[in-house]
Amino acid sequence: MIVVGGEALIDLVPLADPPGALVPRPGGGPYNTALALGRLGERVAFCSRVSTDGFGESLLAGLRTAGVDLSLVRRGPEPTTLAVPSLTPDGSAEYHFYVEGTADRLFALPPELPSDARALALGTCSLVLEPGASAYEALLRRESGRGLLTLLDPNIRPALIADPDAYRERFLRMLPYVSVLKLSEEDAAWLGGRVDHWLAAGPSAVVLTRGAAGLTVRTREGAEHTVAARPVTVADTIGAGDTVNAALLHRLVGPGGPVDWPEALAYAAHAAALTCTRAGAEPPYAAELGR
């Protein structure tokens, strides 16, 4: 089983027609990753705190439909976090958030994960908003110590980060407990580090998403592989990076042996491309990928 920890929120996605209209869609980087893993046929559990309001109910309904285990989800009466993405001409998104007093940021460290958990993925807003951020950091440390494969996706949202220096310090503090670091080129620039420094701090691999330029991985052993992005007509890029997380994890938790990075990256690029053809975060199903 793969456990995905982090926020579930509602994206208020702008429509082209009528202008200014917003449609609510399930979202949040970890939520999208869990949903994508479920659609790929992976055994996955979502670990979070979700509101009991109507948005919270709809979020959990989407995960149930994808076959995601919800036994690690706790509920609270606080409202659901809202995100309003502004789309640029190339389909990429910038976000504004409504997070004060919301349910997901009150996440507390669970006593244990399922005994058959093999991997843990964390990222996005849940690494920023206290007190939940400290609880997720503790979860990462604990489960890394138990030998789980861990994937960290910072998925930087500058509008949420009041103290960038403190955030960067936390990021560096977490790296010794990370197996795979996945981040966009924009994230890497914002964090101000270099891949070789991050690899020296702990991860066995760093995967960079590079938009239309594709995906690149560098490993601690010095290997480097790049795959091209698949050309598609882009509706928007919401959820594309989260789909990459899911596709990589789907490949990494397979049978033992060396990771076939070119194949894993190609699979992730295919999955992300399909997500980009759809409005909002709508990751593909396994059958759409042909494997």
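Here are the numbers for this structure:
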| quantity | calculated |
| --- | --- |
| Lone qualifier among Gly214, Gly290, Gly202, Gly239 - being under 28 Å from Leu63 (Cβ atoms) and open to solvent by less than 50 Å² (accessible area, probe 1.4 Å) | Gly239 |
| In segment 109-150, the residues that are of a type in the set (S, T, N, Q) and either in contact with a strand residue (DSSP E or B) (Cβ under 8 Å, 6 or more places away or on another chain) or buried (at least 19 other Cβ atoms within 10 Å of the Cβ) (or both) | Thr124, Ser126, Ser144, Thr150 |
| Test: residue in segment 118-128 that is without any contact (Cβ under 8 Å) to a residue 24 or more places away in the chain and on the phi > 0 side of the Ramachandran plot | no |
| Top-ranked residue in segment 39-61 [being touching a Phe, Trp or Tyr at 6+ places or on another chain (Cβ under 9 Å) and open to solvent by 10 Å² or more (accessible area, probe 1.4 Å); ranked as nearest to Cys125 (Cα to Cα)] | Arg49 |
| Those residues of segment 138-184 which are under 17 Å from Leu109 (Cα atoms) and either more than 15 Å from the chain's Cα centre (by Cα) or free of Cβ contacts under 8 Å to residues at least 24 places away in the same chain (or both), in sequence order | Ala138, Leu139, Arg141, Arg142, Glu143, Ser144, Gly145, Arg146, Leu148, Met174, Tyr177 |
| Complete set of residues in segment 187-199 that are in contact with a helix residue (DSSP H, G or I) (Cβ under 9 Å, 6 or more places away or on another chain), under 25 Å from Pro85 (Cα atoms) and surrounded by fewer than 17 Cβ atoms within 10 Å (Cβ to Cβ) | Gly192 |
| Evaluation of Met174 against (1) part of a helix (DSSP H, G or I); (2) surrounded by fewer than 20 Cβ atoms within 10 Å (Cβ to Cβ) (one fails), failing number | (2) |
| Subset of segment 217-236 (residues that are within 22 Å of Pro203 (Cα to Cα), part of a loop (DSSP other than H, G, I, E, B) and open to solvent by 60 Å² or more (accessible area, probe 1.4 Å)) | Arg220, Glu221, Gly222 |
| Residue selected from segment 8-38 under the condition β-branched (Val, Ile, Thr) and in a strand (DSSP E or B), by the criterion surrounded by the fewest Cβ atoms within 10 Å (Cβ to Cβ) | Val23 |
| Matching option when the condition is open to solvent by less than 10 Å² (accessible area, probe 1.4 Å), over 19 Å from the mean Cα position of the chain (by Cα) and free of Cβ contacts under 8 Å to residues at least 40 places away in the same chain, among Gly101, Gly76 | Gly76 |
| Criterion: out of contact with any helix residue (DSSP H, G or I) (no Cβ under 9 Å at 6 or more places or on another chain) and modelled with pLDDT under 95 - qualifying residue of Ala240, Ala279 | Ala279 |
| Condition met for Arg168 (modelled with pLDDT of 95 or more and open to solvent by 60 Å² or more (accessible area, probe 1.4 Å)) | yes |
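The values are calculated or read from the model by the stated rules, or taken from the named source; none is laboratory data. These numbers were taken from a predicted model, which means no experiment stands behind them. Here Cβ is always computed from backbone atoms with ideal geometry, including for glycine, and neighbour counts include all displayed protein chains. Protein only, heavy atoms only, side chains kept; ligands, DNA and RNA dropped before computing areas. Shrake-Rupley method; radii C 1.70, N 1.55, O 1.52, S 1.80 Å.
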